[in-house]
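The values are calculated or read from the model by the stated rules, or taken from the named source; none is laboratory data. These numbers were taken from a predicted model, which means no experiment stands behind them. Don't worry about glycine lacking a Cβ; one is built from the backbone with ideal geometry, like all the others, and counts go over all protein chains shown. The accessibility values were calculated without ligands, DNA or RNA, using every heavy atom of the protein model including side chains. Shrake-Rupley method; radii C 1.70, N 1.55, O 1.52, S 1.80 Å.
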Amino acid sequence: MSTTTGPETVNPEHVNPLSRALSDAGVLAWRSLKRIPRTPDMLIYATIQPIMFVLLFAYVFGNAIPIPGFPGARAYREFLMSGIFAQTMAFAVASASVGLADDMSKGLIDRFRSLPMARSGVIAGRVVGDLVFNTFVMVVMVICGFIVGWRWHNGLGNAFAAFAILLLFAFAMLWVGALIGLSVGGPEVAASAGLIWLFPLTFLSNAFVPTPNLPSG
């Protein structure tokens, strides 16, 4: 008969791998979110960019870009918001790429590798934390859209379904950003590599200009 004299310890090798990976991802996601109150300038600049795009295109270019079949400046503002939402979720690539590249340059990823934790949790935690952060940014954009005259017209349920699709899109783009962050040499390179290919894709789409107004090429 054996007795124990202290709290029972669990060997990490005996824990379900999926549960272990989810637990580690949750801890690192919380670590990522805890940085926000400590660096409020990151929150400020992340929300200023989409608001700047909304105001710039709505009030500067809005009267110069006609929407076929929908006259008036407000029609363009309603058309614009869907593109701004998609663009902002796509730009989530930068946060994941720069964050992971910064962790790698500081040796933090190497320290994580020395711990008894799931390797997938390092990347998944960053992605989940950034996804929660982008959810907050999307709420700010909704408020900004209502201020400039944007509304949804097909019911609250369809609106929330559309927001869910946007978050799924952001989730996918965050994984692309994670791949870039792990592939480049430092956070400075990651900042450029994470966005430079997105600008042509965004501005050559119908995010800001209706498809009939684009050049045929």
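When the residues of the range 10-27 are filtered to those that are open to solvent by 70 Å² or more (accessible area, probe 1.4 Å) and not in a helix (DSSP H, G or I), which remaining residue is modelled with the highest pLDDT?
Among those that are open to solvent by 70 Å² or more (accessible area, probe 1.4 Å) and not in a helix (DSSP H, G or I), it is Asn16.
I'd like to check which helices (runs of 4 or more DSSP H) are fully inside the range 69-136 and have at least 3 residues that are surrounded by 21 or more Cβ atoms within 10 Å (Cβ to Cβ).
Numbers: elements: 73-90, 92-105, 108-113.
Output list reads 73-90, 92-105.
Only one residue in Trp175, Trp150 is under 23 Å from Tyr76 (Cα atoms) and either in a helix (DSSP H, G or I) or more than 20 Å from the chain's Cα centre (by Cα) (or both), so which one is that?
Details: Trp175 fails: under 23 Å from Tyr76 (Cα atoms).
So the residue among Trp175, Trp150 that is under 23 Å from Tyr76 (Cα atoms) and either in a helix (DSSP H, G or I) or more than 20 Å from the chain's Cα centre (by Cα) (or both) is Trp150.
Pull up the range 28-47, narrow it to residues that are in a helix (DSSP H, G or I) and exposed (fewer than 12 other Cβ atoms within 10 Å of the Cβ), then point me to the one that is modelled with the highest pLDDT. Break it down stepwise before answering.
First, the residues of the range 28-47 that are in a helix (DSSP H, G or I): 28-38, 40-47.
The next check asks that each one be exposed (fewer than 12 other Cβ atoms within 10 Å of the Cβ); those that pass are 34, 37-38, 40-41, 44-45.
On the way: Lys34: 82, Pro37: 76, Arg38: 77, Pro40: 74, Asp41: 75, Ile44: 79, Tyr45: 76.
Result: Lys34.
Would the range 115-130 turn up any residue that is charged (D, E, K, R), over 22 Å from Ile44 (Cα atoms) and over 23 Å from the mean Cα position of the chain (by Cα)? Show your work before the answer.
The initial filter retains those residues of the range 115-130 that are charged (D, E, K, R), namely 119, 126, 130.
Those left that are additionally over 22 Å from Ile44 (Cα atoms): 119.
Now narrow it down to the ones that are over 23 Å from the mean Cα position of the chain (by Cα): none.
No, the conditions are met nowhere in the range 115-130.
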